[in-house]
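Participant: This is the structure I have questions about; it appears just below.
The values are calculated or read from the model by the stated rules, or taken from the named source; none is laboratory data. None of the values given here were measured: they were computed from a predicted structure. Don't worry about glycine lacking a Cβ; one is built from the backbone with ideal geometry, like all the others, and counts go over all protein chains shown.
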Amino acid sequence: MRRARFRELGAGLQVRGGAIQLAYYQSSIGNFVAADVNAILGTLAQQHGFALEHQQKGAWLSQIRLLQTALARLYDGHIFVEFSIPRMGKRADVVLVVGGIVFVLEFKVGATSFDRSAIEQVHDYALDLKNFHRGSHGVPNVPVVIATVAQPLGVTDFSWAADGVAEPVRAYVDNLPNLVRLCSASRKAPTIEILDWLNSGYQPTPTIVEAAQALYQDHDVKEIARSDAGALNLGATTDCISSIIEHSKSAGRKSICFVTGVPGAGKTLAGLNIATKRAKEHSDEHAVFLSGNGPLVTVLREALARDQAQREATSKSAAARKVASFIQNIHHFRDEALESLAPPYERVVVFDEAQRAWTRDQASKFMQTKRGHADFDMSEPEFLISVMDRHQDWCVIVCLVGGGQEINTGEAGLSEWLQALDTKYGNWDVYISDRLEEAVDVPTLKIRDRQNTTLRSALHLGISMRSFRAEALSDFVDHVVEGRADQARKAYASIAGRYPIWLTRDLNEARQWLRKTARGNERYGLVASSGAYRLRPEGLHVRASIDAPTWFQSEATSGLQVRRMSNGANVLQMPMAQPMQGDAKCRSCAVATQDASGSLDRVRSQQQKD
């Protein structure tokens with residue numbers, strides 16, 4: 001009955017009381033084959049929303065006619081033309097759902113051969129669909145490139161990866177039905193209930209970059225969360241911070257709120273959401289997201305500038321200037337404040353990784369030796385609060401705090417922020433979570449006893465949004481680094497099927513494995529300790545800067561120059577504190593070590609035995 005209902009509804013699918021539009025055109029294959037070509041084209045043009053260029057119109061007409069002829073030999077299934085993967089900013093030419101298998105088609109109209117970029121592109125689409133669409137997680141997925149005037153090709157055996165995504169198939173449109181039948185015979189899978197598949201929704205775990213792009217395009221932060229619980233958690237935190245800002249604004253109060261959370265809960269995402277939301281809807285506040293992670297700032301700016309330039313037909317330089325107004329390097333903000341006693345332009349500032357601000361000793365040493373301020377005698381948190389305190393009426397500081405993530409010498413954690421508020425800024429309103437103490441392991445009794453301290457449970461993000469591929473990765477890495485072989489073996493057992501990890505002492509083997517394992521447009525690179533100078537004979541110059549925006553944002557094209565990070569990056573150059581966990585493009589890990597303890601050998605040998 002469900003399938004019959006789908007066919008009757010044709011292109012306008014009504015599911016469970018609401019219209020679901022995953023593609024410009026969606027229908028049963030039977031309805032598609034019988035439909036008028038111009039009617040289909042009209043639907044595509046209407047959904048397109050822009051002036052239809054002659055080249056695009058010609059491409060669609062060619063695809064429709066070819067597919068109607070080819071698919072007439074298939075009696076069942078469903079077709080989606082211009083299928084969108086939400087928040088990913090990608091649109092596949094055609095998706096077919098036949099039996100228990102999903103086929104992702106990329107058309108190259110007029111092409112006589114199958115170029116590498118098209119193969120990687122369709123592979124990327126298939127991986128994204130597999131990884132981010134809940135209904136496709138357990139479904140075989142076949143990426144297909146169709147060169148419309150290529151010589152006919154016979155269908156060879158299908159090569160399947162462990163996650164159920166096939167290696168890209170090169171096809172001539174006329175052999176598409178045969179390809180579908182052979183694939184169905186080689187990979188048995190339960191028939192997909194199309195309404196359930198459509199209505200399953202998306203569970204994206206995007207990179208911070210992709211999340212920022214989605215927020216910048218007016219997506220709600222709740223749409224970006226991986227799960228319903230994560231969405232509620234992030235949404236509640238965003239709403240809580242917004243209410244604090246509104247109250248501070250109307251009452252003329254100066255306020256600071258501390259956002260804590262479990263690892264991978266989305267603290268940076270929450271901060272980006274506040275900055276973009278307030279900057280757009282309340283331009284008088286001039287909200288800004290400030291981070292001391294220089295590569296992260298650079299990559300985010302580049303991503304958003306490219307995105308806006310493509311969507312709005314504006315110059316990239318103009319887009320970059322706009323983006324720079326609300327994503328900035330905290331060091332630039334600090335240095336400007338050193339040179340002027342005027343209040344800053346911004347009323348709302350979000351400090352990312354606030355726990356990494358410097359202690360009084362570290363900040364004073366730097367300011368005196370590097371900036372020439374001989375009389376500087378404050379911790380960095382105290383100075384940053386003093387800068388915002390220059391406003392005569394209201395302002396808000398949002399501190400994103402990671403527990404136990406103080407990485408370098410002189411990083412203060414939360415204690416310096418609390419001490420500055422307790423001793424110097426008693427007039428500020430303080431908002432903390434009732435779980436602040438357990439989240440960051442800092443006594444908060446004094447700050448709790450303040451008359452103007454308010455507890456807000458929504459300021460703690462208690463649900464991890466960490467990539468589905470790496471739920472237990474941090475535990476595994478910690479056990480390996482600390483030499484706990486038995487615990488490492490147990491942790492690895494829980495992620496082995498989803499997150500390939502290969503441990504070796506041979507750097508060349510590690511490189512070869514990464515090149516062989518990478519699929520589609522997946523990136524791969526080498527990360528080393530910032531002090532590993534002895535790796536220079538291996539061609540790894542860890543002190544040399546990497547071009548982070550190019551590596552993270554550009555397409556993996558000619559010679560894999562973009563795909564590879566061949567020179568090696570040190571941990572201080574990486575835009576994300578946990579790059580392997582936050583980026584679905586970096587899905588596999590090869591660990592090469594030349595001076596590791598014997599415990600690492602024990603981990604590897606035990607895995608080989610198992």
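Participant: Within the stretch 58-110, how many residues turn out to be on the phi < 0 side of the Ramachandran plot and over 33 Å from the mean Cα position of the chain (by Cα)?
Facilitator: 16
Participant: Let me ask something else. Residues that are modelled with pLDDT under 80 and closer than 15 Å to ILE85 by Cα: find the helices (runs of 4 or more DSSP H) completely inside the stretch 169-224 holding 3 or more of those. Outline the logic, then answer.
Facilitator: Working: elements: 176-186, 194-199, 208-216, 221-224.
By residue number, 208-216.
Participant: Look at the stretch 277-305 and say how many of its residues are surrounded by fewer than 24 Cβ atoms within 10 Å (Cβ to Cβ) and among the hydroxyl-bearing types (Ser, Thr, Tyr).
Facilitator: The number of residues fulfilling the criteria is 2.
Participant: Applying the selection to the stretch 308-349, what residues are within 16 Å of HIS391 (Cα to Cα) and either of a type in the set (A, V, I, L, M, F, W, C) or surrounded by 20 or more Cβ atoms within 10 Å (Cβ to Cβ) (or both)?
Facilitator: Result: PHE333, ALA337, LEU338, LEU341, ALA342, GLU346, ARG347, VAL348, VAL349.
Participant: Looking at the stretch 250-258, can you tell me whether even one residue there is assigned by TED's automatic domain parsing to the domain that holds ASP434, in contact with a Lys or Arg (Cβ under 8 Å, 6 or more places away or on another chain) and under 24 Å from TYR431 (Cα atoms)? Before you say what the answer is, go through the steps one by one.
Facilitator: Taking the stretch 250-258 first, the residues assigned by TED's automatic domain parsing to the domain that holds ASP434 are 250-258.
Right, trim to in contact with a Lys or Arg (Cβ under 8 Å, 6 or more places away or on another chain) and you get 257.
Now drop any that are not under 24 Å from TYR431 (Cα atoms), which leaves 257.
Yes: one or more hits.
Participant: Residues of the stretch 279-332 being free of Cβ contacts under 8 Å to residues at least 40 places away in the same chain and among the acidic types (Asp, Glu), which ones?
Facilitator: Selection gives GLU281, GLU312.
Participant: Among the residues of the stretch 488-504, are any touching a Gly at 6+ places or on another chain (Cβ under 8 Å), of a type outside the set (Gly, Ala, Ser) and without any contact (Cβ under 8 Å) to a residue 40 or more places away in the chain? Spell out how you get there, then give the answer.
Facilitator: Residues of the stretch 488-504 touching a Gly at 6+ places or on another chain (Cβ under 8 Å): none.
Checked against the condition, which is being touching a Gly at 6+ places or on another chain (Cβ under 8 Å), of a type outside the set (Gly, Ala, Ser) and without any contact (Cβ under 8 Å) to a residue 40 or more places away in the chain, the stretch 488-504 yields no hits at all.
Participant: Any residue at all in the stretch 133-147 that's closer than 18 Å to TRP197 by Cβ, out of contact with any strand residue (DSSP E or B) (no Cβ under 7 Å at 6 or more places or on another chain) and in a loop (DSSP other than H, G, I, E, B)?
Facilitator: yes
Participant: Hey, another quick one. Within the stretch 129-158, count every residue that is modelled with pLDDT under 80 and surrounded by 20 or more Cβ atoms within 10 Å (Cβ to Cβ).
Facilitator: So the answer is 3.
Participant: Then there's this: Pairs please, first residue from the stretch 251-278 and among the basic types (Lys, Arg), second anywhere and surrounded by fewer than 24 Cβ atoms within 10 Å (Cβ to Cβ), Cβ atoms under 6 Å, 6+ apart in sequence or on different chains.
Facilitator: So the pair list comes out as ARG253/TRP394; ARG253/ASP429; LYS254/TRP428; ARG278/GLU285.
Participant: Go through (1) at pLDDT 90 or above; (2) among the charged types (D, E, K, R); (3) over 30 Å from ALA342 (Cβ atoms) for ASP389 and report which single condition fails.
Facilitator: The number of the failed condition is (3).
Participant: If you don't mind, another one. Which pairs turn up if I take residues in the stretch 170-191 that are farther than 22 Å from ALA118 by Cα and look for partners that are among the aromatic types (Phe, Trp, Tyr) with beta carbon separation below 6 Å, at least 6 apart in sequence or on another chain?
Facilitator: Matching pairs, first to second residue: SER186/PHE158.
Participant: So, of the residues in the stretch 250-267 that are at pLDDT below 90 and in a loop (DSSP other than H, G, I, E, B), which turns out to be surrounded by the most Cβ atoms within 10 Å (Cβ to Cβ)?
Facilitator: GLY266
Participant: Just need a number here: residues in the stretch 345-377 that are of a type in the set (Gly, Ala, Ser) and free of Cβ contacts under 8 Å to residues at least 60 places away in the same chain. So that I can check it myself, show each step before the final result.
Facilitator: Here is the first cut: in the stretch 345-377, the ones of a type in the set (Gly, Ala, Ser) are 354, 357, 363-364, 372, 374.
From what's left, free of Cβ contacts under 8 Å to residues at least 60 places away in the same chain: 363-364, 372, 374.
Of the residues in the stretch 345-377, 4 are of a type in the set (Gly, Ala, Ser) and free of Cβ contacts under 8 Å to residues at least 60 places away in the same chain.
Participant: Based on this model, can you work out whether GLU382 counts as touching a residue at least 24 places away in the same chain (Cβ under 8 Å), under 20 Å from HIS282 (Cα atoms), touching a helix residue (DSSP H, G or I) at 6+ places or on another chain (Cβ under 8 Å) and not polar (S, T, N, Q)?
Facilitator: no
Participant: Let me ask something additional. Being farther than 20 Å from ILE397 by Cα and either among the aromatic types (Phe, Trp, Tyr) or surrounded by fewer than 18 Cβ atoms within 10 Å (Cβ to Cβ) (or both) is the filter here, so list the residues in the stretch 363-383 that pass it.
Facilitator: LYS365, PHE366, GLN368, THR369, LYS370, ARG371, GLY372, HIS373, ALA374, ASP375, PHE376, ASP377
Participant: Being in the same structural domain as SER250 (by TED's automatic domain parsing), of a type in the set (S, T, N, Q) and closer than 29 Å to GLU246 by Cα: is that true of GLN362 here?
Facilitator: Values: in the same structural domain as SER250 (by TED's automatic domain parsing): yes; of a type in the set (S, T, N, Q): yes; closer than 29 Å to GLU246 by Cα: no.
So GLN362 fails the test.
Participant: Taking the conditions exactly as written (without any contact (Cβ under 8 Å) to a residue 40 or more places away in the chain and more than 22 Å from the chain's Cα centre (by Cα)), does ALA544 satisfy them or not? Steps first, answer last, please.
Facilitator: Numbers: without any contact (Cβ under 8 Å) to a residue 40 or more places away in the chain: yes; more than 22 Å from the chain's Cα centre (by Cα): yes.
Taking the combined requirement at face value, the residue satisfies it.
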